[in-house]
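A.B. asks: Take this structure first; my questions come after.
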Amino acid sequence: MRLDLLSALNAERAARRAAILVTDAATGAERLVKAADLARDPLKDVLEKHLRMGKSGMAETPQGRLFLTVHVPPPRLVITGAVHISQALAPMAKLVGYDVTIVDPRTAFASIERFPDVKVLAEWPDTALPPLGIDHYTAFVALTHDPKIDDPALTHALARDCFYIGALGSKKTHARRIERLKAQGIADAKLARIHAPIGLPIGAVSPPEIAVAIIGEITARLRLPAEQAP
């Protein structure tokens, strides 16, 4: 790889931005496509598909046979609420490759004993979330049912382009939540990004079933084209 391409790629990776190295199989010519430039690239559809799947590989394109080396930041899951659902969701998320962090100021819940293999921050969201560097490759889930915890956390997530944002609660609960967030000046378009009631509609009842529904919905948002994702 040319030194200028390597330097540019390293800069994107350090900033947790996706990029694809495009190599012509016939000539060896290389170019780097940054995620920010993807929409303007002539191979947009092919590149977007590989980026969604996070998979490198050969591709037959109008420009010839190309090898696409995909560099995608490791996905993260941030959860507010050290609750029973979180105890099922955290290990599921780790199993499919997420770096998981749980935030809950209630020390009776946010303990290493309840979450032995997960980063747990027993702090209020206003303190805990900013240092985490939440970004587009972060899924955010609010599970406490407590507006004092979930509302500021959702406000933070909405401002940082998370690829998935979900919140626990019935339609009535969510309607009240939307009114509170609107009162803070958050636009309808942003509020529409919150998945609530959270999770795929599979009739989940128990905490493990709800966790399955949540991880399924997160996966759909990560992997499917926008027009197909729930």
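What follows draws every value from the coordinates through simple rules; no lab data is involved. Please read all numbers here as calculations on a predicted model, not as lab measurements. Reconstructed Cβ throughout: ideal geometry from the backbone, glycine too, with neighbour counts over all protein chains shown.
A.B. asks: Classify segment 74-146 as rounded, prolate or oblate from the Cα gyration tensor: take a ≥ b ≥ c as the square roots of its eigenvalues, call it rounded if a/c is under 1.5, otherwise prolate when a/b beats b/c and oblate if not. Working shown, then result.
C.D. replies: On the way: a/c = 1.65, a/b = 1.12, b/c = 1.48.
Oblate.
A.B. asks: Give me Rg/Rg_expected for segment 9-164, where Rg uses Cα atoms only and Rg_expected = 2.2 N^0.38 Å with N residues. Walk me through the intermediate numbers first.
C.D. replies: Numbers: Rg = 19.1 Å, N = 156, 2.2 N^0.38 = 15.0 Å.
The value comes to 1.27.
A.B. asks: Once you have the Cα-Cα distance between Ser170 and Ala29, take 0.36 nm times their residue separation minus that, and quote the gain in nm to one decimal. Walk me through the numbers before you get to the answer.
C.D. replies: Values: separation 141, 0.36 × 141 = 50.76 nm, distance 5.39 nm.
Length gained, Ser170 through Ala29: 45.4 nm.
A.B. asks: From Cα pairs below 8 angstrom and at least 6 apart in sequence, can you work out the relative contact order of segment 1-124, rounded to a whole percent?
C.D. replies: Numbers: 186 pairs, mean separation 22.6, N = 124.
Computed value for segment 1-124: 18 percent relative contact order.
A.B. asks: Turning to a different aspect of this structure: If you keep only loop residues by DSSP, which trypsin sites (Lys or Arg not before Pro) in segment 34-129 have at most 11 other Cβ atoms within 10 Å of their Cβ? Provide the component values of the computation, followed by the final result.
C.D. replies: Details: sites: Lys34, Arg40, Lys44, Lys49, Arg52, Lys55, Arg65, Arg76, Lys94, Arg106, Arg114, Lys119; in loops: Lys55, Arg106, Arg114.
Those that pass, being in a loop and sparsely packed, are Lys55.
A.B. asks: Can I ask one more? Can you tell me what share of the DSSP beta bridges in the chain is antiparallel? A percent to the nearest 5 is fine. If you can, show how the numbers build up before the last one.
C.D. replies: Numbers: 16 of 35 bridges.
Of those bridges, close to 45 percent are antiparallel.
A.B. asks: Hey, if you put +1 on the Cβ of every Lys and Arg and -1 on every Asp and Glu Cβ in the chain, which of Pro208, Thr61, Ala175 ends up farthest toward the positive end of that dipole?
C.D. replies: Positive-most Cα among the choices belongs to Ala175.
A.B. asks: If I stretch the segment between Asp45 and Leu6 completely, what's the gain in nm (0.36 nm per residue apart, minus their alpha carbon distance), one decimal? Show your work: numbers first, answer last.
C.D. replies: Details: separation 39, 0.36 × 39 = 14.04 nm, distance 2.42 nm.
Value of the extension gain: 11.6 nm.
A.B. asks: Determine the dipole magnitude for segment 102-230: charges of +1 sit on the beta-carbon of Lys and Arg, -1 on that of Asp and Glu, nothing else is charged, the reference point is the Cα centre, and the result goes in debye to the nearest 20.
C.D. replies: Values: 15 positive and 15 negative charges, 71 e Å.
Using Cβ point charges on Lys, Arg, Asp and Glu, segment 102-230 gives about 340 debye.
A.B. asks: Can you tell me the 0 to 90 degree angle between the C-alpha axis of helix 84-95 and the longest principal axis of the chain, rounded to 10?
C.D. replies: Once rounded, one gets 20 degrees.
A.B. asks: What is the extension gain from Asp37 to Lys94, computed as 0.36 nm multiplied by their sequence separation minus the C-alpha to C-alpha distance, in nm to one decimal?
C.D. replies: On the way: separation 57, 0.36 × 57 = 20.52 nm, distance 3.06 nm.
Result: 17.5 nm gained on full extension.
A.B. asks: What FRET efficiency do you get for Ile112 and His84 if R0 is 22 Å and r is their Cβ-Cβ distance, rounded to the nearest 0.05?
C.D. replies: On the way: r = 17 Å, r/R0 = 0.76.
The computed FRET efficiency comes out at 0.85.
A.B. asks: For Ala142, enumerate residues with amide H under 5 Å from its amide H, sequence gap 5+ or separate chain, H modeled in the peptide plane.
C.D. replies: Counting only residues 5 or more places away or on other chains, the set is Thr80, Gly166, Ala167, Leu168.
A.B. asks: In whole Å, what is the distance between the alpha-carbon centres of segment 87-125 and segment 39-80?
C.D. replies: Distance between centres, Cα-based: 30 Å.
A.B. asks: Also, I was wondering about something else. Let's see if you can work this out: charge +1 on each Lys and Arg Cβ, -1 on each Asp and Glu Cβ, no other charges. What is the dipole magnitude of the chain about its Cα centre, in debye to the nearest 20? Let's see the in-between values first.
C.D. replies: Working: 29 positive and 25 negative charges, 48 e Å.
With only Lys, Arg, Asp and Glu charged at Cβ, the dipole is about 220 debye.
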